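Trainee: I have a structure I would like to understand better, so I am pasting it below and will then ask my questions one at a time.
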Amino acid sequence: MYRFIATVLFKYTNGALQSSIIKPKDYGLFAQEKKKDRLTVQDQKEIILALLNGEKTETLEGYYNQVLLNAGIRYHLFGAASSVQEGIAIAEKQLALGKGAEQLDKWRNSVQEK
């Protein structure tokens, strides 16, 4: 089950604290809550790998949207995007190209080499 209605975003810039409310629906990322039993570790692994490989299905919609919003917020906060919306667009493109899976493979390979 997933549910993400809104969150407060705090940003500290040039000595001033700014806050704003982030709502998924404002970015076209709201998905209807789906009732589901608790996810097993295997379920979570499969969802993560599917998302990192760019899969976008109705079953994954809520998870996909949550990844986009979280990544978009972080890209904005860390200066890689001028807005949350721009950050979401970057994340969407990266997921579609399978960049997440590529990075995971790099991490796996670096750990196996040690």
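Trainee: Please tell me if I88 is among the β-branched types (V, I, T) and surrounded by 14 or more Cβ atoms within 10 Å (Cβ to Cβ).
Mentor: Yes: the conditions hold for I88.
Trainee: Are there any pairs with C-beta distances below 8 angstrom linking a residue in segment 101-114 that is under 17 Å from E46 (Cβ atoms) and surrounded by 12 or more Cβ atoms within 10 Å (Cβ to Cβ) to a residue that is of a type in the set (S, T, N, Q) and at pLDDT 90 or above, with the two at least 6 apart or on different chains, and if so which?
Mentor: As it stands, the answer is A101/N53, since those pairs meet every condition given.
Trainee: Same structure again: Taking the conditions exactly as written (surrounded by 10 or more Cβ atoms within 10 Å (Cβ to Cβ) and not in a helix (DSSP H, G or I)), does L39 satisfy them or not?
Mentor: Taking the combined requirement at face value, the residue satisfies it.
Trainee: Determine whether segment 41-50 contains at least one residue that is in contact (Cβ under 8 Å) with a residue 12 or more places away in the chain, under 24 Å from V8 (Cβ atoms) and β-branched (V, I, T).
Mentor: no
Trainee: Further, regarding this structure: Name the pairs whose Cβ atoms lie under 6 Å apart, with the first residue in segment 28-39 and at pLDDT below 75, the second of a type in the set (D, E, K, R) and not in a loop (DSSP other than H, G, I, E, B), and 6 or more positions between them or separate chains?
Mentor: As it stands, the answer is A31/E61, since those pairs meet every condition given.
Trainee: Which residue, of A81, A50, A89, is of a type in the set (A, V, I, L, M), part of a loop (DSSP other than H, G, I, E, B), modelled with pLDDT of 90 or more and under 25 Å from K106 (Cβ atoms)?
Mentor: After ruling out the rest, the residue left standing is A81.
The values are calculated or read from the model by the stated rules, or taken from the named source; none is laboratory data. For clarity, every value in this text was computed on a predicted model and none was experimentally measured. When we count neighbours, we look across all protein chains shown, and the Cβ atoms used for this are built from the backbone with ideal geometry, even at glycine.
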